[in-house]
Amino acid sequence: MYMKDDRIIVVFSFTREANKLNRRIQKELSDCGYICEGYTAARLRGSEDLPVLDMDMKTWIGQQWGKKTFIFVGAAGIAVRYIAPWVRDKYTDSAVLVMDEKGEYVIPLLSGHIGGGVEIAREIEKAVHASAVITTATDVREKFAVDVFARHNGLKITDRHLVTQISAALLEEETVGFYSELPAGDSLPSGLERCDSMAGLAGYSYGIAVTQKKEERRENILVLEPLKTCGIVVGIGCRRGITKRQIETSLGKLLKEYGFRFEDIVKLSSIDLKKDEPGILEFAREYGIPFYTFPPSELQKVRGKMAGSRFVQEITGVDNVCERAARRCSMDGSLLQAKRIVGGLTFALVTEQKTLSFL
């Protein structure tokens, strides 16, 4: 199982009142970095500013199934009837959510973990003040969810059945062994116990191992294979007033060239002049990325051949902000992309060993 790109969201609504919420949801989720599109019922064609699908909705959903997330603003029964022919399993199903047209409740129906349905429900809860109705046991009881952990850290699940067994064990208060070849922080979630080696997992009914090794695998150990073993440190330079959306658009293009996503960014860095830049702060906050800034005197100490700018030197006191900041922020990292201008912003990318994150 590989992570799905769940950032494309389709919102359906079937009444004029629901269409108002449709448009609001699209705006709010777009501001959170999702790509949104919305449609209304054919009987409202031309009377609303929402488009109508040019083919049968059930058939169209089938063509997009597993590729996009679906939100239905209306009765849960409507959603169930439209998606019923396409439902298979949580590893391949689209995330599906339903909301009442007053916007009081949002309910993830399918793929709450792998597809990000629960996460999207939480975003909607914050944005439109709807109550997220979460029914998955691990979420309700605040237990570690191994499928969510794998999704957020770019890990391949090698045994789907073991995911279910480990979740059941944690719900029954069993302790599960945990071993990782990648750094995994100082403390583990409740229910997990750290092991120093794969062999150490043998003392547990179930174990989780983050490893790329093929040997020593046992039937009671869930192996999570890292798709990427490095994280990205981003150095950024920009003019005043840059927006979060502009950063997402420009940086997203650059990361895509190297096969990375925003979730792979482990640090964001710039010059002290940018420490209060609203757009950068909003971007860092939205994706949970630590933001580091350095004074010009520190950036000047960074050694190496870099493209400089006399104009930037006059304004900031240093000839190159983005690359110097990225290198300073990750002293032991490897330069992946030197200073690059994308959409009027400058970026530099440095790779460093990835550290696992527990949400």
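What follows is calculated from the coordinates using simple rules that are stated; it is not laboratory data. Owing to the predicted nature of the structure, the values given are computational and were not obtained by experimental measurement. Glycine gets a Cβ as well: all are built from the backbone with ideal geometry, and neighbour counts include every protein chain shown.
Return the percentage of antiparallel bridges among DSSP beta bridges fully within segment 146-226, rounded to the nearest 5 %. Mind showing how you got there, number by number?
Working: 3 of 14 bridges.
Once the DSSP bridges in segment 146-226 are tallied, antiparallel ones form about 20 percent.
Of the options Ile71, Pro108, Val176, report the single residue whose Cα projects farthest towards the positive end of the charge dipole of the chain (beta-carbon charges: Lys, Arg +1; Asp, Glu -1).
Ile71
Sort His161, His113, His152 so that the residue with the fewest other Cβ atoms within 10 Å of its own Cβ comes first and the one with the most comes last. Each step should come with its number before you reach the end.
Details: His161 9, His113 24, His152 18.
By the 10 Å Cβ count, ascending: His161, His152, His113.
For the chain, what does -39500 (n - 2.57) per DSSP helix run (n ≥ 4), summed and divided by total residues, give at 222 nm, in deg cm²/dmol to the nearest 500? Walk me through the numbers before you get to the answer.
Working: 12 runs with 111 residues, N = 359.
Rounded to the nearest 500, the figure is -9000 deg cm²/dmol.
Would you list which lysines come within 24 Å of Lys305, measuring only between C-alpha atoms, while excluding same-chain residues fewer than 8 positions from it?
Result set, ordered by chain and number: Lys267, Lys274, Lys339.
If N is the number of residues in segment 28-92, what value comes out of its Cα radius of gyration divided by 2.2 N^0.38 Å? Don't skip to the end; give the middle numbers.
Working: Rg = 13.0 Å, N = 65, 2.2 N^0.38 = 10.7 Å.
The value comes to 1.21.
Go ahead and set up a Gaussian network model of the chain, Cα springs under 10 Å, then flag whichever of Lys305, Lys27, Lys156 fluctuates most.
Of Lys305, Lys27, Lys156, the most mobile in the Gaussian network model is Lys305.
Restricting to the chain, compute how many DSSP beta bridges are antiparallel as a %, nearest 5. Walk me through the numbers before you get to the answer.
Details: 21 of 56 bridges.
Just about 40 percent of them are antiparallel.
Which residue fluctuates most in the GNM of the chain (Cα springs below 10 Å): Tyr179, Tyr258, Tyr292?
Answer for the Gaussian network model of the chain: Tyr258.
With charges only on Cβ, +1 for K and R and -1 for D and E, what is the dipole size of the chain about its Cα centre, in debye, rounded to 20?
On the way: 50 positive and 48 negative charges, 258 e Å.
The dipole magnitude comes to about 1240 debye.
Past 29 Å, Cα to Cα, is the threshold; run Lys256/Lys354; Lys102/Lys253; Lys27/Lys354 against it and keep the listed order. Don't skip to the answer; put the middle values down first.
Numbers: Lys256/Lys354 18 Å; Lys102/Lys253 37 Å; Lys27/Lys354 33 Å.
Too far apart for the 29 Å limit: Lys102/Lys253; Lys27/Lys354.
Lys/Arg Cβ at +1, Asp/Glu Cβ at -1, dipole of segment 146-226 taken about the Cα centre: which of Gly154, Pro189, Ser167 is farthest positive-ward?
It is Gly154, whose Cα lies furthest towards the positive end.
Hey, what do the phi angles of segment 8-15 turn into as Karplus ³J(HN,Hα) couplings, whole Hz, using 6.51/-1.76/1.60 and θ = phi - 60°, x for Gly and Pro?
Calculated HN-Hα couplings, in order: 9, 10, 10, 10, 10, 9, 10, 9 Hz.
Suppose every K and R has +1 on its Cβ and every D and E has -1 on its Cβ; what is the size of the dipole of segment 8-135 about the Cα centre, in Debye to the nearest 20? Don't skip to the end; give the middle numbers.
Values: 16 positive and 16 negative charges, 36 e Å.
Roughly 180 debye for segment 8-135.
Kirkwood hydrodynamic radius (Cα pairs, Å) of segment 8-135? Numbers along the way, then the final one.
Details: mean 1/r = 0.0698 Å⁻¹.
For segment 8-135, inverting the mean 1/r across all distinct Cα pairs yields 14.3 Å.
Based on the alpha carbon coordinates of segment 230-353, what radius of gyration and maximum Cα-Cα distance (Dmax) apply, in Å?
12.9, 35
Compute, for segment 146-226, the length of the dipole vector about the Cα centre, with Cβ point charges of +1 (Lys, Arg) and -1 (Asp, Glu) only. Units Debye, rounded to 20. If you can, show how the numbers build up before the last one.
Values: 8 positive and 13 negative charges, 66 e Å.
Computed about the Cα centre, the dipole is about 320 debye.
Would you work out the relative contact order for segment 232-305, in percent, from Cα pairs under 8 angstrom that are 6 or more residues apart?
Details: 81 pairs, mean separation 27.1, N = 74.
The value is 37 percent.
Using the Cα centre of the chain as origin and beta-carbon charges of +1 (Lys, Arg) and -1 (Asp, Glu), tell me which of Asn19, Thr92, Val342 is placed farthest towards the positive end of the dipole.
The listed residue farthest towards the positive side: Val342.
In terms of the ratio Rg/(2.2 N^0.38 Å) built on C-alpha atoms, what value belongs to the chain?
On the way: Rg = 22.8 Å, N = 359, 2.2 N^0.38 = 20.6 Å.
This ratio for the chain stands at 1.11.
Greater than 26 Å separation of Cα atoms is the criterion. Which listed pairs, Lys143/Lys244; Lys90/Lys156; Lys20/Lys90, meet it?
Numbers: Lys143/Lys244 33 Å; Lys90/Lys156 15 Å; Lys20/Lys90 30 Å.
Among Lys143/Lys244; Lys90/Lys156; Lys20/Lys90, the Cα-Cα distance tops 26 Å for Lys143/Lys244; Lys20/Lys90.
Report, in whole Å, the centroid distance computed from the Cα atoms of segment 290-359 and segment 65-106.
43 Å
If we count other beta carbons within 10 Å of each Cβ, what is the order of Leu97, Leu110, fewest first?
Leu110, Leu97
Which order results if Glu104, Glu225 are arranged by neighbouring Cβ count within 10 Å, fewest first? Walk me through the numbers on the way to the answer.
Numbers: Glu104 12, Glu225 16.
Exposure proxy ranking, most exposed first: Glu104, Glu225.
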